[in-house]
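Reviewing the structure listed below.
The values are calculated or read from the model by the stated rules, or taken from the named source; none is laboratory data. From a predicted model like this one, the values you see are computed outputs, not experimental measurements. Counting neighbours? That spans all protein chains shown, and the Cβs are built from the backbone with ideal geometry, glycine included. Heads up: the accessible areas ignore ligands, DNA and RNA and are worked out on the full protein's heavy atoms, side chains in. Shrake-Rupley method; radii C 1.70, N 1.55, O 1.52, S 1.80 Å.
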Amino acid sequence: MRAFVTAVYLFLYAPIALVVLLSFNAGRNASDFTGFSVEWYGKALSNTFLIQALQNSLMVAFISAGLAAIYGTMAAMGLERLGKRGRMLFDGLLAAAIVVPGVVIGIATLVALVQLFALLNPIVTALWPSDNPPQFGFGYGSIIAAHGLFSMALVTMIVRARIATLGRDIVEASADLYATPFNTFRLVVLPQILPAILSGFLLAFTFSFDDFIIAFFVAGSKTTLPIYIFASIRRGVTPEINAIATLVLTASLLLILLSRFLMRDRPRPAPSE
Amino acid sequence: MAMTLATRKRLVTALLVGPSAAWLSIFLVLPFIAILVFSVGERAPEGGYQAAFTFAQFMNLPARATAFWNTMLLAPVGAILCLLVAYPTAYYLAIRAPTRFRMLLVSLVVVPFWTSLLVRTYAWIFILGARGLPNLLALIGLPDVRLLNTPGAVLLGIVYGYLPLMIMPIYVSLEKLDRRLLEASADLGASPVRSFFNITLPLSLPGVATGVALVTILLLGEYLIPQLLGGGKVFFIGNALVDLFLQSRNWPYGSAIAVTLVSVVVLIITLAMRLAWRFAGTRQVDLV
């Protein structure tokens, strides 16, 4: 049994290790290791298209995860105040946002936004006082919105699970001691759910940073890092991609470890007085 | 302005839930209505969509039957293969692993799932490509073995990509298992094998159902794994959808396929919840 489990871990990590190893390859060929070098990291980091794609990905991931963390937390707090039917409807939509395949989210958002833009843009043009009115189009905004959908559902579920573990008693105690609802939230509830919010934010960030299929449909002319890597793989595998892949893996690894660190169950310190 | 307490409470609730409700409406409900409308429309001559009310798109679904059957065959088979690897692993983690290392080992399973599927799948292009494993197999006297761009490669990619997602729910259900039941069973003279089949396995079935349902659902919409490891020879519904929307621009037909795909997903979830209900008396299917 232990041998089997060891083999499973090897299976999970050997391919990742291989990519990391090959990224330090001196040779031009991506799959024959000829010597150690960091040359390809230099090449990757001086590639302006790549850097642009990386910046786009970081920005989209940061904004979509940030918005998701705020709105998701608000939703998690507000849901328990909703009536039974409202809550069931909301629950259904959240579950749908998580389980509907990314490819369907991508095309459905594409189709809906094309129609919406076709409807809105003439109105904007008619109302705009001067020439060159701004027009809606695909780009950062549409990627952020589409990623934010999944992320918001994710944050809501994580934060809600955390809220469920909090007793009503501390909130009531706070109210009995004449704290305003806002102060109760700020001083009592928020500190307790903050790790869950941060963890949700990091998972949402990782999701957005790694997503290929949704962005592929709604990115318009913008390129995110996964779209860039996908296009590069189609052109042919080079050690440069290995270097990028290693950087992506390292970044995701750090984020997920941070997230798990925040979510771990720690014994609460005993009150000092 | 005087405001009653009830009005104020309702206002706060609306402010809290409002933004996410708007988000869900504009970027989930509206898009879904859009593809529903498109799916009964016609393809415009220059590509895209033209208003109509026809079920021609749905009648034409068999034209993409290969993608459909590939998905309907390889997704469940992939999920079952995943299960065969995942169950013993989850069992070891929950029951056999030394307590000191348990959390570390569990983390090591979860971490790959949250790292880029694109990069992880890409790694297999090397391993299965002509210079990888086939090269080694040639050395031991098996020349001309093709691994990349076969259904086997796609299945391998599936097991690799979704193993963590299968292990987690099974691990959770095994970890909750009351050990006293196993002790009682042993005291009453049951062999370990019998205890496993009469106690451990039935009690872990909700986890198994969750894992199989989750992995199957995600696989039904898979694009990257068949694209990278199937090389256009083994393609899924996801690949057909990308082709229809971005290359041949037949949006109504693509929408009809997408609507069908979502219906299948809903059907599977309903079945999984029924099963969970039947075995564990709970409809709870843990997602995260």
Please go through the stretch B:22-51 and give me each residue that is open to solvent by 70 Å² or more (accessible area, probe 1.4 Å), touching a Ser or Thr at 6+ places or on another chain (Cβ under 8 Å) and away from chain A (no Cβ under 12 Å), ordered by number. B:GLU42
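Could you tell me which of the residues A:SER151, A:SER199 is surrounded by 20 or more Cβ atoms within 10 Å (Cβ to Cβ), within 11 Å of chain B (Cβ to nearest Cβ), more than 18 Å from A:VAL99 (Cβ to Cβ) and touching a helix residue (DSSP H, G or I) at 6+ places or on another chain (Cβ under 7 Å)?
Working: A:SER151 fails: more than 18 Å from A:VAL99 (Cβ to Cβ).
One residue alone meets the criteria, A:SER199.
Matching residues to (1) assigned to a helix (DSSP H, G or I); (2) closer than 18 Å to B:ASN239 by Cα; (3) not acidic (Asp, Glu):
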residue: A:ARG87; (1), (2), (3): yes, no, yes
residue: A:ASP91; (1), (2), (3): yes, no, no
residue: A:VAL103; (1), (2), (3): yes, yes, yes
residue: A:ALA108; (1), (2), (3): yes, yes, yes
residue: A:ASN121; (1), (2), (3): yes, no, yes
Test each condition in (1) touching a residue at least 12 places away in the same chain (Cβ under 8 Å); (2) among the hydroxyl-bearing types (Ser, Thr, Tyr); (3) more than 11 Å from chain A (Cβ to nearest Cβ); (4) out of contact with any strand residue (DSSP E or B) (no Cβ under 8 Å at 6 or more places or on another chain) for B:THR7 and report the one that comes out false. (1)
Quick one: would you say A:ALA251 is within 10 Å of another protein chain (Cβ to nearest Cβ), under 29 Å from A:VAL104 (Cβ atoms) and either touching a residue at least 24 places away in the same chain (Cβ under 8 Å) or open to solvent by 20 Å² or more (accessible area, probe 1.4 Å) (or both)? yes
Going by the structure shown, is A:SER221 hydroxyl-bearing (Ser, Thr, Tyr) and surrounded by fewer than 19 Cβ atoms within 10 Å (Cβ to Cβ)? yes
Could you identify the single residue in B:VAL193, B:VAL285, B:VAL212, B:VAL262 that is outside any helix (DSSP H, G or I) and either at pLDDT 80 or above or within 30 Å of B:ALA94 (Cα to Cα) (or both)? B:VAL285
Scanning the stretch A:2-37 residue by residue, the ones that are at pLDDT below 80 and either part of a loop (DSSP other than H, G, I, E, B) or at the interface with another protein chain (Cβ under 7 Å from one of its Cβ atoms) (or both) total 11
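Could you please find all residues in the stretch B:84-95 being touching a helix residue (DSSP H, G or I) at 6+ places or on another chain (Cβ under 8 Å) and either open to solvent by 20 Å² or more (accessible area, probe 1.4 Å) or without any contact (Cβ under 8 Å) to a residue 12 or more places away in the chain (or both)?
Of the residues in the stretch B:84-95, the ones touching a helix residue (DSSP H, G or I) at 6+ places or on another chain (Cβ under 8 Å) are B:85-95.
Those that are touching a helix residue (DSSP H, G or I) at 6+ places or on another chain (Cβ under 8 Å) and either open to solvent by 20 Å² or more (accessible area, probe 1.4 Å) or without any contact (Cβ under 8 Å) to a residue 12 or more places away in the chain (or both): B:VAL85, B:TYR87, B:PRO88, B:TYR91, B:TYR92, B:ILE95.
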Return yes or no: is A:LEU67 at pLDDT 85 or above, under 30 Å from B:LYS9 (Cβ atoms) and in contact with a Pro (Cβ under 9 Å, 6 or more places away or on another chain)? yes
Within the stretch A:232-257, the residues that are within 15 Å of the chain's Cα centre (by Cα) and of a type in the set (Ser, Thr, Tyr) are A:SER252
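Report those helices (runs of 4 or more DSSP H) wholly inside the stretch B:1-94 carrying at least 2 residues which are polar (S, T, N, Q) and over 30 Å from the mean Cα position of the chain (by Cα).
Working: elements: B:5-24, B:30-39, B:56-59, B:65-91.
Those helices (runs of 4 or more DSSP H) span B:5-24.
Looking at this structure, is A:PRO191 modelled with pLDDT under 85, closer than 19 Å to A:ALA68 by Cα, more than 22 Å from the chain's Cα centre (by Cα) and open to solvent by 20 Å² or more (accessible area, probe 1.4 Å)?
It is true that A:PRO191 is modelled with pLDDT under 85, closer than 19 Å to A:ALA68 by Cα, more than 22 Å from the chain's Cα centre (by Cα) and open to solvent by 20 Å² or more (accessible area, probe 1.4 Å).
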Can you say whether B:THR54 is more than 21 Å from A:THR250 (Cβ to Cβ), hydroxyl-bearing (Ser, Thr, Tyr), surrounded by fewer than 20 Cβ atoms within 10 Å (Cβ to Cβ) and without any contact (Cβ under 8 Å) to a residue 12 or more places away in the chain, as far as the supplied structure shows? no
Which listed residue, of B:LEU133, B:LEU163, B:LEU147, B:LEU137, is facing chain A (nearest Cβ under 10 Å) and either of a type in the set (A, V, I, L, M, F, W, C) or in contact (Cβ under 8 Å) with a residue 24 or more places away in the chain (or both): B:LEU163
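Tell me which residues, restricted to the stretch B:171-194, are open to solvent by less than 50 Å² (accessible area, probe 1.4 Å) and either under 15 Å from B:PRO88 (Cβ atoms) or under 31 Å from the mean Cα position of the chain (by Cα) (or both).
Within the stretch B:171-194, the subset open to solvent by less than 50 Å² (accessible area, probe 1.4 Å) is B:171, B:173-174, B:177, B:182, B:184-185, B:190.
Across the stretch B:171-194, the qualifying residues are B:TYR171, B:SER173, B:LEU174, B:LEU177.
Could you please give the count of residues in the stretch A:81-99 that are open to solvent by less than 10 Å² (accessible area, probe 1.4 Å) and facing chain B (nearest Cβ under 7 Å)?
Initially, the stretch A:81-99 is screened for residues open to solvent by less than 10 Å² (accessible area, probe 1.4 Å), giving A:94, A:97.
Narrowing further to those that are facing chain B (nearest Cβ under 7 Å): A:97.
Matching residues across the stretch A:81-99 total 1.
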May I ask you to list the residues in the stretch A:164-180 that are of a type in the set (Asp, Glu) and surrounded by 10 or more Cβ atoms within 10 Å (Cβ to Cβ)? A:GLU172
Mind checking whether some residue in the stretch A:71-80 is of a type in the set (Phe, Trp, Tyr), out of contact with any helix residue (DSSP H, G or I) (no Cβ under 8 Å at 6 or more places or on another chain) and either closer than 17 Å to A:SER142 by Cβ or surrounded by 17 or more Cβ atoms within 10 Å (Cβ to Cβ) (or both)? no
If you check B:LEU81, B:LEU74, which single one turns out to be open to solvent by 40 Å² or more (accessible area, probe 1.4 Å) and away from every other protein chain (no Cβ under 11 Å)? B:LEU81
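Conditions (1) within 11 Å of another protein chain (Cβ to nearest Cβ); (2) surrounded by fewer than 18 Cβ atoms within 10 Å (Cβ to Cβ), marked per residue:
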site	(1), (2)
A:PRO101	yes, no
A:ALA112	yes, no
A:PRO133	no, yes
A:PHE136	no, yes
A:HIS147	yes, no
A:PHE182	yes, yes
